[in-house]
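**Student:** Pasting a structure below so you can have a look.
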Amino acid sequence: MERNEYRENVKKSIDDIFDQIEALKTKADNASEKVKQEYNQKIKELESLRDQMENKLDELTNAADSKWDDVKETVNSSLESFKEGFKKLGSLFD
């Protein structure tokens, strides 16, 4: 997969997850205080992860060909952590 195509796919994944988080905010409004607190904590964690992912995407864009595979592996790992964090957030409402 080409570098720009890969970057766009990762960015789309991040954007999709945050669109889903916005939908969960509506559910949080009707949740108990305990769930709201847990939710807000997870949101902060995910926002931090998002910022890290965006930095990694910048690294990916600017990476020399010799570093491409290493940076791509780091981005994949970060994206998996990001997705796992979202799953945990969603489980608060199950």
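The values are calculated or read from the model by the stated rules, or taken from the named source; none is laboratory data. Not measured: the values here are computed from a predicted model. A quick note on method: Cβ atoms are made from the backbone with ideal geometry, for glycine too, and the neighbour counts reach across all protein chains shown.
**Student:** Going through 71, 10, 75, 35 one at a time, which residue ends up being in contact with an Asp or Glu (Cβ under 6 Å, 6 or more places away or on another chain) and in a helix (DSSP H, G or I)?
**Tutor:** Answer to the selection: 71.
**Student:** Can you tell me which residues in the range 23-72 are over 28 Å from residue 2 (Cβ atoms), exposed (fewer than 13 other Cβ atoms within 10 Å of the Cβ) and β-branched (Val, Ile, Thr)?
**Tutor:** Across the range 23-72, the qualifying residue is only 26.
**Student:** Of the residues in the range 57-75, how many are at pLDDT 80 or above and closer than 21 Å to residue 19 by Cβ?
**Tutor:** Within the range 57-75, residues that are at pLDDT 80 or above and closer than 21 Å to residue 19 by Cβ number 1.
**Student:** Here are some conditions: (1) surrounded by 11 or more Cβ atoms within 10 Å (Cβ to Cβ); (2) more than 15 Å from the chain's Cα centre (by Cα). Residue 90 meets all but one. Which one does it not meet?
**Tutor:** Of everything listed in (1) surrounded by 11 or more Cβ atoms within 10 Å (Cβ to Cβ); (2) more than 15 Å from the chain's Cα centre (by Cα), residue 90 misses just condition (2).
**Student:** Then there's this: Within the range 13-32, which residues are in contact (Cβ under 8 Å) with a residue 60 or more places away in the chain and not in a helix (DSSP H, G or I)?
**Tutor:** Of the residues in the range 13-32, the ones in contact (Cβ under 8 Å) with a residue 60 or more places away in the chain are 13-14, 17, 20-21, 24, 27-28, 31.
Across the range 13-32, the qualifying residue is only 31.
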